[in-house]
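Readers should treat all values here as calculations from the given coordinates under stated rules, not as data from a laboratory. Computed from a predicted structure; not experimentally measured. Every residue, glycine as well, gets a Cβ built from its backbone with ideal geometry; the counts of neighbours run over all protein chains shown.
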Amino acid sequence: QQLGPEATFRIVETNGFLALDIPVESPLVRKLQKVVRQAGGSGKPQGVSYFADTGPFTAGGITSVLFGAGNIAQAHTADEYLELDQLYRATEVILTLLTENAGRSILGE
């Protein structure tokens with residue numbers, strides 16, 4: 001685009017990352033919300049402003065969500081840690097989601 005008779009600019013992406021874009025109404029998001037609530041979490045979807053491997057999967061046609069244990073503020077720092085309770089709850093959520101989708105529920109429903 002031209003700003004004036006002597007000034008022009010051009011935007012060139014040199015190091016881009018694919019964004020994750022999944023509707024909150026998606027069946028996968030709804031299932032994950034339900035299981036997170038059953039495990040004692042809020043189940044509220046949130047957007048984030050950092051790179052994750054979910055973007056390329058979604059761009060390739062694979063429905064994806066970003067889910068994990070812990071607090072992102074503690075991740076990738078010199079003092080990074082994860083409380084075991086958070087790991088156990090995240091593991092329960094993932095196992096439940098997998099088994100429910102396989103036609104079985106580890107919750108006894």
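Sparsely packed loop sites in the stretch 1-83 (the trypsin sites (Lys or Arg not before Pro) outside DSSP H, G, I, E and B with at most 16 other Cβ atoms within 10 Å) comprise Arg10. In whole percents, the pair-distance distribution calculated for the chain from its alpha-carbon pairs, binned every 5 Å from zero, is 2, 10, 15, 17, 18, 13, 8, 5, 4, 3, 3, 2, 1, 0, 0.
Computed over the chain with a Gaussian network model linking Cα atoms closer than 10 Å, the most mobile of Thr77, Thr99, Thr63 is Thr77. Phi angles across the stretch 29-43 convert, under the Karplus curve 6.51 cos²θ - 1.76 cosθ + 1.60 with θ = phi - 60°, into 3J(HN,Hα) values of 5, 4, 5, 5, 4, 4, 5, 5, 4, 4, 8, x, x, 7, x Hz, Gly and Pro given as x.
For the Cα atoms of the chain, what angle does the longest principal axis make with the long axis of helix 84-101, in degrees from 0 to 90, nearest 10? Result, in degrees: 80.
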